[in-house]
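The values are calculated or read from the model by the stated rules, or taken from the named source; none is laboratory data. Because the structure is predicted, anything quoted here is derived from the model rather than measured. A quick note on method: Cβ atoms are made from the backbone with ideal geometry, for glycine too, and the neighbour counts reach across all protein chains shown. In case anyone asks, the SASA skips ligands and DNA or RNA and just uses the protein heavy atoms, side chains included. Shrake-Rupley method; radii C 1.70, N 1.55, O 1.52, S 1.80 Å.
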Amino acid sequence: MAGFTTEINLAEFIDHSLLNLAATPEQILKCCEEADRFGFPTVCIFPSAVRQAVEFLHHKRPQVCTVIGFPTGATTSAVKLFEAQEATENGANELDVVINLGWLKSGNTEALHRELAALVEETGLPIKAILETAILTDEEKVLAAEICMDAGVSFLKTSTGWLGGATVADVQLLHQVAKDQVAIKASGGIRTAEQAIALILAGATRLGTSYGPALVQQHGTLEKGSAS
């Protein structure tokens, strides 16, 4: 690890997430303050917290990301579209959208494509399609990635974190399918700097985690160790 950790600015990869069902306004504020202090690209919070985050982060570096159809992806397309449009109107900069896994597994690829394409077109925002890789076969992961890319998403995201987390193998697979046409977000269970670095080296360009400050601090310790 010492041979390459110093070459990566870990903070630049982190979507600082607070997707706790009971998150309070005070906790949302703390999340935003941490993102600003550490220089993270975004905060990722529930739609009800978007206005608060946007107001606090006005003229600050971190952007505001929110989740759509989270965590199941099984709400109707109309509901997802309304949720996404409202988030956009409230100032969100990026949308992490859970795909409809039932449609994927039953072969209803047209509906899946149509839903994602509508979200891309109607919001005009970068869409990160959450595939929930932990419950998909490799063939389903590839199919889902291809549909999402064709629909115009900006990122392929591994997981919600509710049914399993990101793995190096899944990130490598998605990176191979993406061929640098879209970015890759690894999310779920990223709790150590070693994990984070391994996922970045596998092809992740964003990391969704609530452990951002701790990861950066761990990484700093690794850097000091490699220099000594």
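Which value in nm describes the separation of the simple spin-label points at Thr192 and Gln52, placed 7 Å from the Cα toward the beta carbon?
3.3
What dipole magnitude, in Debye to the nearest 20, does segment 112-175 give about its Cα centre under +1 on Lys/Arg Cβ and -1 on Asp/Glu Cβ?
Here segment 112-175 has a charge dipole of around 200 debye.
What number, rounded to the nearest 500 deg cm²/dmol, is the helix-based mean residue ellipticity at 222 nm of the chain, given -39500 (n - 2.57) per DSSP H run of at least four residues and division by all its residues?
-14500 deg cm²/dmol
Quick one: pull the percent of accessible area on segment 75-228 belonging to carbon and sulfur, 1.4 Å probe, ligands and nucleic acids left out.
52
Under unit Cβ charges (Lys, Arg +1; Asp, Glu -1), what dipole magnitude, rounded to 20 debye, does the chain have relative to its Cα centre?
400
Please compute, for the alpha-carbon atoms of segment 127-176, the extent along each of the three principal axes and give them in descending order in Å.
Here the spans come out as 26, 19, 15 Å, largest first.
Hey, can you find the accessible area per residue of the chain for me, probe 1.4 Å, expressed in square angstrom?
Heavy-atom accessible area per residue stands at 45 Å².
Positive end of the charge dipole of the chain (Lys, Arg +1 and Asp, Glu -1 on Cβ, about the Cα centre): tell me which of Thr76, Ile99, Leu29 has its Cα farthest that way.
Result: Leu29, furthest along the dipole toward the positive end.
Please compute the modelled spin-label separation between Ile8 and His59, points set 7 Å along Cα→Cβ, answer in nm with one decimal.
The two pseudo-label positions are separated by 3.5 nm.
Pairing rule first: another cysteine's C-beta must sit under 4.7 Å. Under that rule, which cysteines of the chain stay single?
Those would be Cys31, Cys32, Cys148, since no other cysteine Cβ in the chain comes under 4.7 Å of theirs.
Can you give the log10 of the normalised intensity I(q)/I(0) at q = 0.11 Å⁻¹, computed with Debye over equal Cα scatterers of segment 82-228?
-0.43
HN-Hα J couplings of segment 114-125 from phi, Karplus 6.51/-1.76/1.60, θ = phi - 60°, integer Hz, Gly and Pro as x?
4, 4, 5, 4, 5, 5, 4, 5, 6, 9, x, 9
At a 10 angstrom cut-off on C-beta neighbours, averaged per residue, how do the peptides 200-209, 47-56 rank from highest to lowest?
Top of the packing list down: 200-209, 47-56.
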